[in-house]
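Only one structure is covered here, and it is reproduced in the block below.
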Amino acid sequence: MDIEKFHELIVDSSAFSTIEEYLTSKKSNFQIKGLIGSQAAILAAALHTKVGGSHLFILNDKTEAIFFENDLQNFLEKKEILFLPDSFKRLGKFEEGNSSSIQLRAETLNKLINPREKTILAVTHPEAIIEKVVGVKKLKENTIRLKVGEKVDVDFMLELLLEYGFHREDFVYEPGEFSIRGGIVDVYSFGNEFPYRIELMGDEVESLRTFDPESQISQKKITSLNIIPNINEQFDRDAYADIFEFLPKDLTIWIEDIESFKDILQTYSTSALDEFE
(Lines give C-alpha, C1' and ligand atoms only; values in the text may rest on other atoms or scores of the structure.)
Protein backbone atom coordinates (compact mmCIF):
# COMPACT_ATOMS: atom_id res chain seq x y z
CA MET A 1 0.00 0.00 0.00
CA ASP A 2 1.45 3.38 -1.00
CA ILE A 3 1.53 6.37 1.35
CA GLU A 4 -1.28 8.26 -0.43
CA LYS A 5 -3.68 5.32 -0.03
CA PHE A 6 -2.67 5.03 3.61
CA HIS A 7 -3.45 8.73 4.13
CA GLU A 8 -6.86 8.26 2.52
CA LEU A 9 -7.77 5.50 4.97
CA ILE A 10 -6.81 7.69 7.94
CA VAL A 11 -8.59 10.78 6.62
CA ASP A 12 -11.81 8.79 6.08
CA SER A 13 -11.93 7.64 9.71
CA SER A 14 -14.34 9.17 12.26
CA ALA A 15 -11.49 9.81 14.73
CA PHE A 16 -9.65 11.89 12.13
CA SER A 17 -12.80 13.93 11.43
CA THR A 18 -13.07 14.78 15.14
CA ILE A 19 -9.43 15.92 15.32
CA GLU A 20 -9.86 17.94 12.12
CA GLU A 21 -12.90 19.67 13.63
CA TYR A 22 -10.92 20.67 16.72
CA LEU A 23 -8.10 22.09 14.60
CA THR A 24 -10.25 24.02 12.16
CA SER A 25 -12.47 25.44 14.92
CA LYS A 26 -9.36 26.78 16.71
CA LYS A 27 -10.31 25.17 20.02
CA SER A 28 -7.52 25.95 22.45
CA ASN A 29 -6.52 22.54 23.81
CA PHE A 30 -7.31 18.90 23.19
CA GLN A 31 -5.67 15.56 23.89
CA ILE A 32 -5.14 12.49 21.71
CA LYS A 33 -4.58 9.16 23.46
CA GLY A 34 -3.66 5.65 22.40
CA LEU A 35 -1.07 6.35 19.69
CA ILE A 36 1.86 3.93 19.58
CA GLY A 37 4.99 3.53 17.43
CA SER A 38 4.86 5.60 14.25
CA GLN A 39 1.13 6.32 14.54
CA ALA A 40 1.77 9.88 15.78
CA ALA A 41 3.88 10.69 12.71
CA ILE A 42 1.31 9.05 10.42
CA LEU A 43 -1.46 11.16 11.96
CA ALA A 44 0.66 14.34 11.75
CA ALA A 45 1.38 13.72 8.07
CA ALA A 46 -2.30 13.11 7.31
CA LEU A 47 -3.35 16.26 9.18
CA HIS A 48 -0.84 18.39 7.31
CA THR A 49 -1.95 16.92 3.99
CA LYS A 50 -5.66 17.50 4.68
CA VAL A 51 -5.76 20.55 6.96
CA GLY A 52 -2.44 22.28 6.23
CA GLY A 53 -1.06 24.97 8.52
CA SER A 54 2.21 25.23 10.42
CA HIS A 55 2.96 22.76 13.20
CA LEU A 56 5.60 22.37 15.92
CA PHE A 57 6.05 18.90 17.43
CA ILE A 58 7.74 18.69 20.85
CA LEU A 59 8.82 15.14 21.68
CA ASN A 60 9.91 13.93 25.12
CA ASP A 61 13.64 13.86 24.32
CA LYS A 62 16.14 14.32 21.53
CA THR A 63 16.22 10.64 20.50
CA GLU A 64 12.44 10.44 20.17
CA ALA A 65 12.45 13.72 18.24
CA ILE A 66 15.00 12.35 15.74
CA PHE A 67 12.92 9.21 15.14
CA PHE A 68 9.71 11.23 14.80
CA GLU A 69 11.33 13.65 12.33
CA ASN A 70 12.58 10.70 10.26
CA ASP A 71 9.13 9.05 10.23
CA LEU A 72 7.39 12.30 9.34
CA GLN A 73 9.83 12.91 6.48
CA ASN A 74 9.12 9.42 5.13
CA PHE A 75 5.37 10.09 5.13
CA LEU A 76 5.79 13.58 3.63
CA GLU A 77 8.59 13.03 1.12
CA LYS A 78 8.15 16.35 -0.70
CA LYS A 79 7.84 18.51 2.43
CA GLU A 80 10.89 19.89 4.22
CA ILE A 81 10.81 18.94 7.91
CA LEU A 82 12.87 21.24 10.14
CA PHE A 83 14.67 19.84 13.17
CA LEU A 84 15.72 22.03 16.11
CA PRO A 85 18.19 20.36 18.51
CA ASP A 86 19.74 21.78 21.66
CA SER A 87 23.33 23.03 21.35
CA PHE A 88 25.14 21.07 24.03
CA LYS A 89 27.15 17.85 24.17
CA ARG A 90 25.50 16.77 27.42
CA LEU A 91 21.97 17.60 28.51
CA GLY A 92 21.90 20.17 31.27
CA LYS A 93 25.61 20.94 30.90
CA PHE A 94 25.90 24.41 29.38
CA GLU A 95 29.67 24.80 29.31
CA GLU A 96 30.45 22.69 26.22
CA GLY A 97 28.70 23.08 22.87
CA ASN A 98 28.24 20.45 20.19
CA SER A 99 29.42 21.98 16.89
CA SER A 100 27.19 19.83 14.67
CA SER A 101 24.12 20.63 16.78
CA ILE A 102 24.97 24.35 16.78
CA GLN A 103 25.28 24.20 13.00
CA LEU A 104 21.92 22.40 12.58
CA ARG A 105 20.26 24.81 15.01
CA ALA A 106 21.58 27.81 13.06
CA GLU A 107 20.50 26.19 9.78
CA THR A 108 16.96 25.76 11.12
CA LEU A 109 16.81 29.37 12.32
CA ASN A 110 18.00 30.53 8.90
CA LYS A 111 15.23 28.53 7.21
CA LEU A 112 12.63 29.90 9.63
CA ILE A 113 13.46 33.52 8.78
CA ASN A 114 13.88 32.71 5.07
CA PRO A 115 11.10 30.16 4.51
CA ARG A 116 10.83 28.39 1.17
CA GLU A 117 7.20 27.40 1.80
CA LYS A 118 4.13 29.11 3.25
CA THR A 119 3.82 26.64 6.12
CA ILE A 120 6.47 25.01 8.30
CA LEU A 121 6.70 21.67 10.05
CA ALA A 122 9.30 21.62 12.83
CA VAL A 123 10.32 18.93 15.30
CA THR A 124 12.14 19.55 18.56
CA HIS A 125 12.41 18.50 22.21
CA PRO A 126 12.04 20.35 25.55
CA GLU A 127 15.73 21.16 26.13
CA ALA A 128 15.95 22.79 22.69
CA ILE A 129 12.81 24.86 23.31
CA ILE A 130 14.11 26.11 26.66
CA GLU A 131 17.43 27.22 25.17
CA LYS A 132 17.42 30.84 24.06
CA VAL A 133 18.26 31.81 20.48
CA VAL A 134 19.69 35.03 19.07
CA GLY A 135 16.79 37.34 18.20
CA VAL A 136 15.50 37.66 14.63
CA LYS A 137 16.60 41.29 14.21
CA LYS A 138 20.08 40.66 15.57
CA LEU A 139 20.55 37.54 13.45
CA LYS A 140 19.49 39.37 10.29
CA GLU A 141 21.88 42.24 11.10
CA ASN A 142 24.77 39.77 11.42
CA THR A 143 24.05 37.74 8.30
CA ILE A 144 26.07 38.22 5.10
CA ARG A 145 23.88 37.86 1.99
CA LEU A 146 25.19 37.35 -1.51
CA LYS A 147 23.54 36.86 -4.92
CA VAL A 148 24.96 35.90 -8.28
CA GLY A 149 25.64 39.00 -10.37
CA GLU A 150 25.81 41.51 -7.52
CA LYS A 151 28.79 43.71 -6.75
CA VAL A 152 30.68 42.97 -3.57
CA ASP A 153 33.46 44.71 -1.65
CA VAL A 154 35.67 41.69 -1.00
CA ASP A 155 37.85 43.40 1.60
CA PHE A 156 34.78 44.52 3.54
CA MET A 157 33.29 41.00 3.36
CA LEU A 158 36.51 39.50 4.72
CA GLU A 159 36.55 42.07 7.53
CA LEU A 160 32.98 41.06 8.41
CA LEU A 161 33.89 37.38 8.44
CA LEU A 162 36.74 38.05 10.90
CA GLU A 163 34.45 40.28 12.98
CA TYR A 164 31.84 37.50 13.07
CA GLY A 165 34.40 35.07 14.48
CA PHE A 166 35.35 33.16 11.31
CA HIS A 167 38.94 31.92 10.98
CA ARG A 168 41.03 31.97 7.81
CA GLU A 169 42.46 28.59 6.81
CA ASP A 170 44.16 27.08 3.76
CA PHE A 171 41.15 24.82 3.18
CA VAL A 172 37.65 24.86 4.67
CA TYR A 173 36.53 21.78 6.61
CA GLU A 174 34.39 23.00 9.53
CA PRO A 175 31.78 25.71 10.24
CA GLY A 176 33.42 29.03 11.07
CA GLU A 177 36.27 28.70 8.56
CA PHE A 178 36.99 30.55 5.31
CA SER A 179 39.77 30.51 2.71
CA ILE A 180 40.83 32.65 -0.25
CA ARG A 181 42.52 31.39 -3.42
CA GLY A 182 42.69 34.02 -6.13
CA GLY A 183 39.12 34.90 -7.09
CA ILE A 184 37.62 32.03 -5.07
CA VAL A 185 36.37 32.46 -1.50
CA ASP A 186 35.26 29.36 0.41
CA VAL A 187 33.12 29.93 3.51
CA TYR A 188 31.59 27.40 5.91
CA SER A 189 28.54 29.16 7.36
CA PHE A 190 26.98 27.97 10.61
CA GLY A 191 23.62 28.11 8.83
CA ASN A 192 24.15 25.54 6.09
CA GLU A 193 24.95 21.85 5.94
CA PHE A 194 27.70 22.32 3.35
CA PRO A 195 30.23 25.14 2.83
CA TYR A 196 29.90 27.72 0.05
CA ARG A 197 32.25 28.43 -2.84
CA ILE A 198 32.07 32.03 -4.06
CA GLU A 199 33.67 32.66 -7.46
CA LEU A 200 34.43 36.32 -8.20
CA MET A 201 35.15 38.15 -11.42
CA GLY A 202 36.71 41.35 -10.21
CA ASP A 203 34.19 42.74 -7.70
CA GLU A 204 31.21 40.80 -9.10
CA VAL A 205 29.86 37.46 -7.84
CA GLU A 206 30.17 35.23 -10.92
CA SER A 207 28.88 31.99 -9.38
CA LEU A 208 27.87 30.41 -6.09
CA ARG A 209 28.11 26.71 -5.25
CA THR A 210 28.08 24.35 -2.32
CA PHE A 211 30.92 21.85 -2.03
CA ASP A 212 31.93 18.73 -0.15
CA PRO A 213 34.38 19.72 2.63
CA GLU A 214 36.10 16.31 2.52
CA SER A 215 36.75 16.10 -1.23
CA GLN A 216 36.64 19.89 -1.82
CA ILE A 217 34.64 19.14 -4.98
CA SER A 218 31.80 21.50 -5.96
CA GLN A 219 28.28 20.06 -5.62
CA LYS A 220 25.52 22.26 -6.99
CA LYS A 221 25.00 25.80 -8.21
CA ILE A 222 22.89 28.20 -6.17
CA THR A 223 21.70 31.73 -6.89
CA SER A 224 22.01 33.22 -3.40
CA LEU A 225 23.37 32.42 0.05
CA ASN A 226 23.30 33.53 3.69
CA ILE A 227 26.43 33.34 5.83
CA ILE A 228 25.59 33.08 9.55
CA PRO A 229 28.11 33.30 12.44
CA ASN A 230 28.21 31.02 15.48
CA ILE A 231 24.87 31.76 17.17
CA ASN A 232 26.19 30.56 20.55
CA GLU A 233 29.37 32.60 20.78
CA GLN A 234 29.06 35.73 18.67
CA PHE A 235 26.38 37.59 20.61
CA ASP A 236 25.92 39.14 24.05
CA ARG A 237 23.37 37.56 26.39
CA ASP A 238 20.87 40.42 25.94
CA ALA A 239 20.68 39.65 22.20
CA TYR A 240 18.87 36.36 22.83
CA ALA A 241 15.15 35.64 22.71
CA ASP A 242 12.66 32.75 22.74
CA ILE A 243 12.46 30.44 19.73
CA PHE A 244 8.82 31.49 19.29
CA GLU A 245 10.04 34.80 17.87
CA PHE A 246 11.00 32.80 14.75
CA LEU A 247 7.78 30.80 14.48
CA PRO A 248 4.51 31.70 12.71
CA LYS A 249 1.79 33.29 14.84
CA ASP A 250 -0.85 30.76 13.72
CA LEU A 251 1.31 27.81 14.78
CA THR A 252 -0.25 24.60 16.15
CA ILE A 253 1.89 23.12 18.95
CA TRP A 254 1.85 19.39 19.70
CA ILE A 255 3.43 18.12 22.94
CA GLU A 256 3.96 14.41 23.40
CA ASP A 257 3.62 14.44 27.21
CA ILE A 258 2.61 17.73 28.83
CA GLU A 259 3.44 16.65 32.40
CA SER A 260 6.90 15.43 31.39
CA PHE A 261 7.40 18.68 29.49
CA LYS A 262 6.55 20.74 32.59
CA ASP A 263 8.96 18.70 34.72
CA ILE A 264 11.80 19.18 32.25
CA LEU A 265 11.10 22.92 32.06
CA GLN A 266 11.34 23.18 35.84
CA THR A 267 14.48 21.03 36.06
CA TYR A 268 16.38 22.92 33.39
CA SER A 269 15.25 26.33 34.56
CA THR A 270 16.68 25.54 37.98
CA SER A 271 19.88 24.12 36.45
CA ALA A 272 20.36 27.20 34.26
CA LEU A 273 19.90 29.56 37.21
CA ASP A 274 22.48 27.60 39.22
CA GLU A 275 24.88 27.63 36.27
CA PHE A 276 24.83 31.41 35.73
CA GLU A 277 24.50 32.72 39.29
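The values are calculated or read from the model by the stated rules, or taken from the named source; none is laboratory data. Small disclaimer: the values here were computed from a predicted structure and weren't measured. Quick reminder, even Gly has a Cβ in these numbers, built from the backbone with ideal geometry, and neighbours come from all protein chains shown. In case anyone asks, the SASA skips ligands and DNA or RNA and just uses the protein heavy atoms, side chains included. Shrake-Rupley method; radii C 1.70, N 1.55, O 1.52, S 1.80 Å.
Residues in the range 140-168 that are open to solvent by less than 50 Å² (accessible area, probe 1.4 Å) and either part of a helix (DSSP H, G or I) or free of Cβ contacts under 8 Å to residues at least 60 places away in the same chain (or both): Gly149, Val152, Val154, Met157, Leu158, Leu160, Leu161.
Counting only residues that are more than 19 Å from Thr119 (Cβ to Cβ) and at pLDDT below 80, the range 26-50 holds 2 of them. Of all residue pairs spaced 6 or more apart or on separate chains, those with beta-carbon atoms under 9 Å, a first member in the range 88-117 that is under 17 Å from Gln234 (Cβ atoms) and open to solvent by 70 Å² or more (accessible area, probe 1.4 Å) and a second member that is small (Gly, Ala, Ser) and modelled with pLDDT of 90 or more are Ser99/Gly176.
Let's see how each residue does on (1) more than 30 Å from Glu177 (Cβ to Cβ); (2) over 17 Å from the mean Cα position of the chain (by Cα); (3) part of a helix (DSSP H, G or I); (4) at pLDDT 85 or above:
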position	(1), (2), (3), (4)
Glu233	no, yes, no, no
Asp238	no, yes, yes, no
Thr267	yes, yes, yes, no
Thr270	yes, yes, yes, no
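When the test is whether a residue is of a type outside the set (S, T, N, Q), touching a Ser or Thr at 6+ places or on another chain (Cβ under 8 Å) and open to solvent by 10 Å² or more (accessible area, probe 1.4 Å), Glu131 passes it. One residue stands out among those in the range 169-198 that are open to solvent by 50 Å² or more (accessible area, probe 1.4 Å) and either in a loop (DSSP other than H, G, I, E, B) or touching a Gly at 6+ places or on another chain (Cβ under 7 Å) (or both): the one that is farthest from Asn98 (Cα to Cα), which is Gly182.
Among the residues of the range 53-70, those identified as assigned to a helix (DSSP H, G or I) and either in contact with a His (Cβ under 8 Å, 6 or more places away or on another chain) or surrounded by fewer than 20 Cβ atoms within 10 Å (Cβ to Cβ) (or both) are Lys62, Thr63, Glu64, Ala65, Ile66, Phe67, Asn70. You will find that of Asp86, Asp71, Asp2, the residue that is among the charged types (D, E, K, R) and at pLDDT below 80 is Asp2 and no other. Among the residues of the range 52-81, count how many are in contact (Cβ under 8 Å) with a residue 12 or more places away in the chain, over 18 Å from Leu247 (Cβ atoms) and among the β-branched types (Val, Ile, Thr). Here the count works out to 1. Can you find, within the range 199-213, the residue that is farthest from Ser87 (Cα to Cα) among those that are part of a loop (DSSP other than H, G, I, E, B) and without any contact (Cβ under 8 Å) to a residue 24 or more places away in the chain? Out of the qualifying residues, it is Gly202. Evaluating Ala122 against the criteria (1) within 17 Å of Lys62 (Cα to Cα); (2) in a helix (DSSP H, G or I) leaves one unmet condition, (2). In the range 197-207 there is no residue matching the filter, namely being touching an Asp or Glu at 6+ places or on another chain (Cβ under 9 Å) and closer than 18 Å to Leu104 by Cβ.
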